[in-house]
Amino acid sequence: MRILLTSFLLIVSHVFCQDIIRQQIETSDGLSSDIVYQVFQDEDKFLWFSTELGVSKYNGFEFINYGFSDGLPDNSIYEIKETSNKVKWFLSGSGDLSYLKANSQKIHSEDSLSFDSFISELIELKNNRIVVSSFGGGVKIKDHNRYYHFTKENGLLSDFVSFIWERNNNVYLLSSKGISRINEDYSIEVVFKFNEDIHFARSCVINSNQDVLFSSKKHIYYFGANDKITQLKNSENIIQKTVNKINLIENRIAI
């Protein structure tokens, strides 16, 4: 498989000849805070802003802001995820997880899926299970009305999990020490162990086979078929500085 790594500026350069509408949005326009960690577009095309002072929903004309008074357990929200039935999940730096149901204005805490450390990822599996990982507290899974908590004590390589994804009904975990797998029966297997601890990895699923690219301190790796890991040639020249995000844009990788 050929993978093209290029910079974000090169990715977007082909649109410079088009008319681009720019709009600067600030707290004076109704945004919760000028410090924004993520911009997310939901299934209904509304924009959501994760900020240091709560969450803002923007319909193109005005904002609806959510904070403590609306049930948000932590004002510093770093990321928003959307699952089935248009449920929005708010991932906080403190480890508190909360959610907002469609057509509701009240945010609910999900204590059983919360942690005492930074929430790194949340995904919904094909059978509607919810999986949440943290950088320090391992992984939790909600299987309808049952909850499971996986840590180093019961089989994970590390409690510092930076990325999770689903493949063949199994959950894969990228941690500071390697890759583990939680099988459908909730048994745990070690897939790959690093020779040395890696930095908090930035990762991206790149195709329908659930192949993954992820960064370490000095290189970028490709996790592909048969659970094989390949180090990409010359990737050390790309990530001389810290990688903040790896994204797939029109079959190209933006770092």
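The values are calculated or read from the model by the stated rules, or taken from the named source; none is laboratory data. Computed from a predicted structure; not experimentally measured. Because the Cβ atoms are built from the backbone with ideal geometry, glycine has one as well, and the counts that use them run over all protein chains shown. The area values use the complete protein model at the heavy-atom level, side chains included, leaving out ligands, DNA and RNA. Shrake-Rupley method; radii C 1.70, N 1.55, O 1.52, S 1.80 Å.
Assorted remarks:
- Residue within the stretch 101-109 that is part of a strand (DSSP E or B), open to solvent by 20 Å² or more (accessible area, probe 1.4 Å), more than 29 Å from Ser176 (Cβ to Cβ) and without any contact (Cβ under 8 Å) to a residue 24 or more places away in the chain present: no
- Filter result (closer than 20 Å to Leu157 by Cα, of a type in the set (Val, Ile, Thr) and either open to solvent by 30 Å² or more (accessible area, probe 1.4 Å) or more than 12 Å from the chain's Cα centre (by Cα) (or both)) within the stretch 124-146: Val139, Ile141
- When Glu153 is tested against (1) touching a Phe, Trp or Tyr at 6+ places or on another chain (Cβ under 8 Å); (2) assigned to a helix (DSSP H, G or I), only condition (1) is not met.
- Of all residues in the stretch 217-236 being part of a loop (DSSP other than H, G, I, E, B) and open to solvent by 20 Å² or more (accessible area, probe 1.4 Å), the one that is nearest to Val161 (Cα to Cα): Lys217
- Criterion (under 26 Å from Gln24 (Cα atoms), of a type in the set (Val, Ile, Thr) and under 19 Å from the mean Cα position of the chain (by Cα)) met by exactly one of Ile77, Ile64: Ile77
- Asn170 modelled with pLDDT of 90 or more and either more than 27 Å from Lys45 (Cα to Cα) or open to solvent by 40 Å² or more (accessible area, probe 1.4 Å) (or both): yes
- Selection of the stretch 189-216 for residues being open to solvent by 40 Å² or more (accessible area, probe 1.4 Å) and of a type in the set (Val, Ile, Thr) yields Val190, Val205.
- Of the residues making up the stretch 7-48, those that are surrounded by 14 or more Cβ atoms within 10 Å (Cβ to Cβ) and at pLDDT below 50 number 1.
- Residues located in the stretch 26-51, provided they are assigned to a loop (DSSP other than H, G, I, E, B), within 21 Å of Glu82 (Cβ to Cβ) and either of a type outside the set (Gly, Ala, Ser) or in contact with a Pro (Cβ under 8 Å, 6 or more places away or on another chain) (or both): Leu31, Asp42, Glu43, Asp44, Lys45, Phe46
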